[in-house]
Amino acid sequence: MNSVDAVLMLGPLYHLTNRQDRLKALSEARRVLKPGGRLSARDVAKPFAEYTAADFAHVLGVNLAGFFHVTQRAVRQMLAQGGGHVVNVTTTL
């Protein structure tokens, strides 16, 4: 496919219960990237019931700020090159 300039994955890998599924998700993200495209992946490290208020604030900041900054940078690059596509994948806690 190779039609996407950037893929931002914030959290979805945590929900995949085995290594093979996580590798498949990352492979699919790479498959849709254009040559030289950017893949950014960040995941959560513990179950929802174990989150503290500080953990929640951190995850919220990463998800919102990460989405904003990475997407904004990708859009600027796409405008400079005449167009493009961005796929953002994220989840909640």
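The values are calculated or read from the model by the stated rules, or taken from the named source; none is laboratory data. Just so it is clear, the structure is predicted and the values come from calculations on it, not from any experiment. A quick note on method: Cβ atoms are made from the backbone with ideal geometry, for glycine too, and the neighbour counts reach across all protein chains shown. These accessible areas exclude ligands, DNA and RNA; they are computed on the full protein's heavy atoms, side chains included. Shrake-Rupley method; radii C 1.70, N 1.55, O 1.52, S 1.80 Å.
Remind me, relative contact order of the chain in percent, using alpha carbon pairs under 8 angstrom and six or more residues apart?
So the answer I get is 49 percent.
Sticking with the crude label model, points 7 Å out along Cα→Cβ, report the distance from residue 28 to residue 64 in nm, one decimal please.
2.9 nm
Nearest 20 debye, what's the magnitude of the dipole of the chain about its Cα centre given +1 on Lys and Arg Cβ and -1 on Asp and Glu Cβ?
Using Cβ point charges on Lys, Arg, Asp and Glu, the chain gives about 340 debye.
Expressed as an acute angle from 0 to 90° and rounded to the nearest 10, what is the orientation of the C-alpha long axis of helix 19-32 relative to the principal long axis of the chain?
Helix 19-32 and the main axis of the chain meet at about 20 degrees.
For the chain, what does the helix formula give at 222 nm: sum of -39500 (n - 2.57) over DSSP H segments with n ≥ 4, over the residue count, nearest 500 deg cm²/dmol?
-16000 deg cm²/dmol
Pick out, from 29, 67, 48, the residue whose Cα sits farthest towards the positive end of the charge dipole of the chain, with +1 on the Cβ of Lys and Arg and -1 on the Cβ of Asp and Glu.
The listed residue farthest towards the positive side: 29.
At a 1.4 Å probe radius, carbon and sulfur cover how many percent of the accessible area of the chain?
With neighbouring chains kept in place, the figure for the chain is 60 percent.
With every protein chain kept in place and ligands, DNA and RNA left out, what is the accessible area per residue of the chain? Probe 1.4 Å, answer in Å².
The answer is 67 Å² per residue.
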